[in-house]
Amino acid sequence: MAKDRDTQLLQVRSIYEDMENLQRAADLLAGGGLVAFPTETVYGLGANALDEEAVAGIFKAKGRPQDNPLIVHVCSLDMISPLVAKVPEAAIRLAGAFWPGPLTMIFPKSGAVPAAVSGGLDTVAIRFPAHMVARELIRRADLPIAAPSANLSGSPSPTTAQHCIHDLMGRVDAIVDSGSCGVGLESTVISLTGETPRVLRPGGVTVEQLREVLGEVEVDPAVCAPLAKGAAAASPGMKYRHYAPRARVVLLEGDRRAFAEYVNSRKGEGVCALCFEEDLPGLEVPAVPYGAERDSASQASRLFAALRRVDEQGAKTAYAHCPGKTGVGLAVYNRLLRAAAFEVVRL
Ligand code: TXA
Ligand code: MG
């Protein structure tokens, strides 16, 4: 993968400050460039969704498989109709409840969406982010913006500009720095193209919240289990090993005492714990905490940075304490399962 671009670092503290930098980033997008920018979930790597060449640049910069489709980001509901063939009734209800916010909806697509964006599918993923800098950037570029997470394909998603710099320096035209992302995990992805709405990826908007608005909502089996051999992925992104540090990650399901006993009995070169704050006093190995045991939101916002720290410490094996699986916890669990390549030990 060539490092063939001069990357500008553009600090944008808010939409009321650093407006020149914000405009420069918007101009780069409008001119077909690649710009990493903050959202409330994770940083995205944006390009004009209607420009095939610009979109091809995203796949090259990330080393992303061509069949993994991109989410198109908008800053108003008006921007959606040219991109979709139909707006299901459920979408209107979800938009009213959760947009702008960390929810992506899959619609049947219109002819305006290039095949490169949709990975050759006849659907398109759309998200209306809540982050003010993201929205103002899209508004100033005056274009729908295709944006996957701004990490190298396979690495943990970036929740700070430093993570983007680490992965993408020299590969993109600009990185907009607005500090760290609040939610910390990618948006919830829900498909509205089948009979029953189906969650393809859990995220900041929980399955419980979606059911409150829509009634019946299915959760795709691939959320919590490996895809059966030969089965087609509803969301192509679920096929790939994801969010993985270089270290081997093993997910341990059990209480605080069982976790500490298991990990301490394996202490030695390159062993570390990826744990809750409350686990720290009982551990005899280097430990990277990723939030409080009963606080899924804190786990979500810290997980990806913690996975990167595991590698910075040079760990060979990280034993991760399994989070709760309800609410935002389901999203934390889903990302850790993939980081662990589904290696789970029940204590
Ligand atoms: O929070 C987020 O969603 C972040 C920020 C930047 O907005 N973006 C993000 O994009 O996570 P990415 O590319 O890392 O993940 C998009 C996921 C992938 O799993 C992809 O396969 C799925 O959404 N996806 C995109 N378009 C789809 C479609 N038409 N049908 C099914 N799945 C789709
Ligand atoms: Mg991603």
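If you go through segment 143-162 and pick out every residue that is within 11 Å of ligand 1 (Cβ to nearest atom), surrounded by fewer than 22 Cβ atoms within 10 Å (Cβ to Cβ) and of a type in the set (A, V, I, L, M), you end up with 0.
Residues that are more than 8 Å from ligand 1 (Cβ to nearest atom), modelled with pLDDT of 75 or more and at negative phi within segment 233-246 comprise Ala244, Pro245, Arg246, listed in sequence order. Checked against (1) touching a helix residue (DSSP H, G or I) at 6+ places or on another chain (Cβ under 9 Å); (2) within 14 Å of ligand 2 (Cβ to nearest atom), Cys164 passes all but a single condition, namely (1).
Cβ-Cβ contacts under 7 Å between residues 6 or more apart (or on different chains), taken from a first residue in segment 205-223 that is under 11 Å from Ile190 (Cα atoms) and surrounded by 13 or more Cβ atoms within 10 Å (Cβ to Cβ) to a second residue that is polar (S, T, N, Q) and modelled with pLDDT of 95 or more, are listed as Val205/Thr188; Glu218/Thr196. Would you mind stating whether Ser110 is within 16 Å of ligand 2 (Cβ to nearest atom) and either touching a residue at least 24 places away in the same chain (Cβ under 8 Å) or more than 24 Å from Pro221 (Cα to Cα) (or both)? For Ser110, the condition - within 16 Å of ligand 2 (Cβ to nearest atom) and either touching a residue at least 24 places away in the same chain (Cβ under 8 Å) or more than 24 Å from Pro221 (Cα to Cα) (or both) - is not met.
Considering the conditions (1) touching a Gly at 6+ places or on another chain (Cβ under 8 Å); (2) more than 16 Å from ligand 2 (Cβ to nearest atom), Ala36 is excluded by exactly one of them, (2).
Matching residues to (1) away from ligand 2 (no atom under 16 Å from the Cβ); (2) exposed (fewer than 14 other Cβ atoms within 10 Å of the Cβ); (3) not small (Gly, Ala, Ser):
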| residue | (1), (2), (3) |
| --- | --- |
| Ala225 | yes, yes, no |
| Ala228 | yes, yes, no |
| Ala244 | no, no, no |
| Val263 | yes, no, yes |
| Val271 | yes, no, yes |
| Leu274 | yes, no, yes |
| Asp279 | yes, no, yes |
| Gly291 | yes, no, no |
| Ala297 | yes, no, no |
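All of (1) modelled with pLDDT of 95 or more; (2) over 20 Å from Arg346 (Cα atoms); (3) not charged (D, E, K, R) hold for Gly282 with one exception: (2).
Residue selection: Ser191 satisfies the criterion of being within 14 Å of ligand 1 (Cβ to nearest atom), surrounded by 20 or more Cβ atoms within 10 Å (Cβ to Cβ) and closer than 20 Å to Val72 by Cβ.
The values are calculated or read from the model by the stated rules, or taken from the named source; none is laboratory data. It should be emphasised that the depicted structure is a prediction, and the values quoted were computed from it without experimental measurement. Positions of Cβ are backbone-derived with ideal geometry, glycine not excepted, and every protein chain shown enters the neighbour counts.
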